[in-house]
Amino acid sequence: MPLEEELRKLLGDEFEERLAAKLKEYHQLIPRDAALYLISLESGGAAARVETLARALQSYSPVILQARIERVFPPRIIEKNGGKSKSQRAALSDQTGAGTLVVYDSACAPLERELMAGDLLQAGPVRVRGGEFHLLGNGVLTCVQKGVRAKIKEEKEIPNQIANFEGVVTAVFGDFPYRRGQSRLSGEAGSALMTSFELQDESGKARVVLWDSPGLAGQLKAGQKVGIENGTRRGGEIHINSAGRLLMEWMEPAQRPKIDEITASEKEGCVIRADGHVVKFSSLEEAAMRLGAGPVPEGVQASTIIELKKKDWIGRGLPVEWEEKKKD
């Protein structure tokens, strides 16, 4: 529907008066189309209605979208004038085509905590800008209908099946370093972190592994509800790689003290120093497991394992659970 027709329907007898006033306000120096657009900015939000993606792209006025989420992109942090702002995009589709939704700051929360690919989303009011749908300041995102969620525990597991999951965290195992591109914690590949925890729904429990994790063990708690988008079943576990997402109540991570020294001896145990903080594990075997090496194999000294693994931890933030349980 052309903008003028939309505004005539919305404003009724006031339309001509509002148009004349707007042109007069700018001393007749703006074209009629520009005046119509300005009027729509002032009054169109209250009249926002549900439109298809195709019709919404042709609308000058704010509209409400109902569309299926195809993909959620990682958020972007924008630093400007000494402050920080966040934006996030989601690819949408409906029976008329495709489009991109852009949201900002606190409006990103539903995309990080609840909404997954496959869900039916309602977003609005939005306005078209640069061929994308931008959520307005008073806009909200809501889930109209959840997409398919797979059972966490299947009697007959399909290897490498990719699916979405939802459940409750029952145990948090921790953050562990690993070498990218390798199945063993050795070699010369780049170092990264994996977060491991257990998730449960009505079908049962499974271990979850989040690869290339920013270190989320301190933010995951037993009883917390989380979602997994594009998780991969593998050997009775659910793995989240670069194509997947972990959805959770996000908290900005506190600045953690950085580990600067790790020493190990049978007499002193394993001592970890981080910016003045000291954490001690009396058992070297436990320390080796905390450092991500797993059980110490027979015939190998735990101190040797710690010496090999400590280079992966020097410079990293001290895990909260280490400090809480083992601080001297």
Signed unit charges on C-beta, dipole axis of the range 51-141, positive-most listed residue L135, A56, I77: I77
Cα→Cβ-extended label distance, 7 Å offset, between R49 and R8, nm: 1.6
Loop-located GluC sites (Glu not before Pro) in the range 104-157 whose Cβ has at most 12 other Cβ within 10 Å (DSSP): E155
Pairwise Cα inverse-distance average, inverted: Kirkwood Rh of the range 95-185 (Å): 16.9
Förster radius 51 Å - calculated FRET efficiency between L136 and R273, Cβ distance, rounded to 0.05: 0.50
Unsatisfied cross-links (Cα-Cα over 22 Å) in the set K258/K311; K205/K225; K205/K280: K205/K280
Label point 7 Å beyond Cα of Q122 along Cβ direction - residues of the range 129-172 with amide nitrogen under 14 Å: 139-146
Pairs from K86/K156; K153/K221; K86/K310 whose Cα-Cα separation, in the structure shown, is over 31 Å: K86/K156; K86/K310
Under-5 Å amide H pairs with D212, H placed in peptide plane, nonlocal only: L193
Reduced Cα scattering model of the range 65-134, Debye log10 I(q)/I(0), q = 0.17 Å⁻¹: -0.60
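Here, each number is a calculation from the coordinates, and none is a lab measurement. Computed from a predicted structure; not experimentally measured. Please note: Cβ atoms are built from the backbone with ideal geometry, for glycine as well, and neighbour counts cover all protein chains shown.
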